[in-house]
1. Suppose we filter 326, 344, 332 for residues that are under 25 Å from the mean Cα position of the chain (by Cα) and at positive phi; which single one remains?
2. Residues that are part of a loop (DSSP other than H, G, I, E, B), polar (S, T, N, Q) and under 20 Å from residue 290 (Cβ atoms): does region 165-187 have at least one?
3. With 164, 192, 175, 155 as the choices, which residue is within 16 Å of ligand 2 (Cβ to nearest atom) and hydroxyl-bearing (Ser, Thr, Tyr)?
4. Quick check, is residue 157 surrounded by fewer than 24 Cβ atoms within 10 Å (Cβ to Cβ), away from ligand 1 (no atom under 16 Å from the Cβ), modelled with pLDDT of 95 or more and not assigned by TED's automatic domain parsing to the domain that holds residue 12?
5. Among the residues of region 211-238 satisfying the criterion of being under 20 Å from the mean Cα position of the chain (by Cα) and acidic (Asp, Glu), which is surrounded by the most Cβ atoms within 10 Å (Cβ to Cβ)?
6. Could you identify the single residue in 334, 268 that is modelled with pLDDT under 85 and among the hydrophobic types (A, V, I, L, M, F, W, C)?
7. When the residues of region 320-358 are narrowed to those that are aliphatic (A, V, I, L, M) and surrounded by 17 or more Cβ atoms within 10 Å (Cβ to Cβ), which ends up nearest to residue 306 (Cα to Cα)?
Amino acid sequence: MVRTTDGSVVSDAEISLVGTTLVATTGADGKYALAAPPGTVSMRCERPGFKPSTQIATISNGQTKTVNFSVAPAAFYDDAQTDKGWSLSTAGDDATTGTWVRVAPVGTTTGLVAVQPSFDHTPGAGTACFVTGNGTKASDIGEADVDGGRTTLTSPLLRMAGMSNPRIVFWRWYSNNASDYPGEDPFVTQISNNGGPWVTVSNLYTTSNYWERVEIPVASYFTQPADVRIRFVAMDIVNPSVVEAAIDDVEFYSATMVTAVTEEGAPAFVIGAPRPSPSSGPTEINLELPKATSVAADVFNVQGRRVRTLERRIMPAGRHILRWDGRLDQGGSAASGVYWIRIGAGGVERNFKLVVVR
Ligand SMILES: [Ca+2]
Ligand SMILES: [Ca+2]
């Protein structure tokens with residue numbers, strides 16, 4: 001895999017086979033190997049800092065095939081390793097602890113559950129991300145979480161005037177269920193164009209204590225995006241609770257230059273990974289459909305056998321929660337182990353690993 005601009009190799013990119021659980025990562029030499037089933041397959045390549053791209057390949061039985069990816073750098077990419085002009089606070093911020101910093105995060109945990117991440121998201125040599133306060137001990141979840149008000153992280157100007165179908169992408173972490181009063185405080189994402197009013201893109205209440213990819217189709221919010229900023233507001237304003245947020249690998253690019261899995265750069269759906277995982281009870285997946293779409297959702301065991309059918313219906317546009325209660329179609333509960341949840345909608349499939357612990 002190489003970079004379009006200078007032909008240099010790109011390491012740490014994920015190459016996945018769309019509709020399957022197969023994924024490989026490119027090494028320092030830019031190479032990867034994937035044991036693909038015979039047939040025509042769609043391969044997706046994603047690495048922070050580059051536009052995702054896909055290729056269709058037809059592979060016959062027993063054949064070894066080379067599929068080269070040439071990926072274009074994003075118009076803007078910030079791995080948070082250096083200061084690119086973010087503001088760590090804004091007028092009106094009133095949190096007393098856990099205010100935004102750009103650091104190598106000190107992770108905190110309660111039991112086996114991560115509260116603040118212990119790693120940034122950037123593959124390879126990355127260490128730093130934006131996080132709401134850095135403490136000194138993994139065991140003290142209350143030492144440097146957000147307390148007493150709001151803290152706001154604001155991007156530098158993202159100059160996208162004239163860009164066709166600009167997309168802002170970032171990776172996000174959010175935890176607010178590690179103590180009393182879980183799920184009360186939202187993690188707010190907003191964007192603004194040309195210094196205009198802030199428009200809310202999402203209010204996340206649900207703990208998503210993993211690095212989750214988020215993509216914003218900016219043209220859905222502004223007819224002529226030009227000098228755009230994005231900001232992230234974490235808060236503890238209802239009852240006192242443990243709140244941690246983190247942001248890394250913020251980028252934007254023009255979707256029209258992407259060989260997209262979906263038509264015209266519009267996502268067939270936007271989805272969050274299953275949570276909680278590991279799970280001992282019900283598991284939920286957030287699904288957002290831009291239009292009414294036929295949705296198929298199934299659970300597979302590690303042998304690839306379908307053990308539960310979750311959805312087979314046309315779902316209306318908007319946000320939905322897919323729920324697996326841990327039961328099997330044949331009756332009984334799923335045993336401990338690894339499972340895959342496959343969601344298909346609008347001709348696109350996504351697969352997520354889920355660990356069940358009994
Ligand atoms: Ca980073
Ligand atoms: Ca913190």
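1. Numbers: 344 fails: at positive phi; 332 fails: under 25 Å from the mean Cα position of the chain (by Cα).
None of the others qualify; the one that does is 326.
2. Taking region 165-187 and keeping what is part of a loop (DSSP other than H, G, I, E, B), we get 165, 176-186.
Add one more test, that the residue is polar (S, T, N, Q), and what stays is 165, 176-177, 179.
If we keep only those that are under 20 Å from residue 290 (Cβ atoms) as well, we get 165.
Yes, region 165-187 contains a residue that is part of a loop (DSSP other than H, G, I, E, B), polar (S, T, N, Q) and under 20 Å from residue 290 (Cβ atoms).
3. Values: 164 fails: within 16 Å of ligand 2 (Cβ to nearest atom); 192 fails: within 16 Å of ligand 2 (Cβ to nearest atom); 155 fails: within 16 Å of ligand 2 (Cβ to nearest atom).
So the residue among 164, 192, 175, 155 that is within 16 Å of ligand 2 (Cβ to nearest atom) and hydroxyl-bearing (Ser, Thr, Tyr) is 175.
4. Working: surrounded by fewer than 24 Cβ atoms within 10 Å (Cβ to Cβ): yes; away from ligand 1 (no atom under 16 Å from the Cβ): yes; modelled with pLDDT of 95 or more: yes; not assigned by TED's automatic domain parsing to the domain that holds residue 12: yes.
Yes: the conditions hold for residue 157.
5. 212
6. Details: 334 fails: modelled with pLDDT under 85.
Selected residue: 268, the only one of 334, 268 that is modelled with pLDDT under 85 and among the hydrophobic types (A, V, I, L, M, F, W, C).
7. Let us first name the residues in region 320-358 that are aliphatic (A, V, I, L, M), namely 321-322, 328, 334-335, 338, 341, 343, 345, 348, 354-357.
Still in the list and also surrounded by 17 or more Cβ atoms within 10 Å (Cβ to Cβ): 322, 334, 341, 343, 345, 348, 354, 356.
Numbers: 322: 17, 334: 12, 341: 9, 343: 13, 345: 18, 348: 18, 354: 14, 356: 16 Å.
Taking the candidates together, the pick is 341.
Yes or no, residue by residue, for (1) touching a Leu at 6+ places or on another chain (Cβ under 8 Å); (2) of a type in the set (A, V, I, L, M, F, W, C); (3) crowded, with 16+ Cβ neighbours inside 10 Å:
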| residue | (1), (2), (3) |
| --- | --- |
| 12 | no, no, yes |
| 16 | yes, no, yes |
| 32 | no, no, yes |
| 36 | yes, yes, yes |
| 48 | no, no, yes |
| 55 | no, no, no |
| 60 | no, no, no |
| 68 | no, no, no |
| 71 | no, yes, yes |
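The values are calculated or read from the model by the stated rules, or taken from the named source; none is laboratory data. For clarity, every value in this text was computed on a predicted model and none was experimentally measured. Here Cβ is always computed from backbone atoms with ideal geometry, including for glycine, and neighbour counts include all displayed protein chains.
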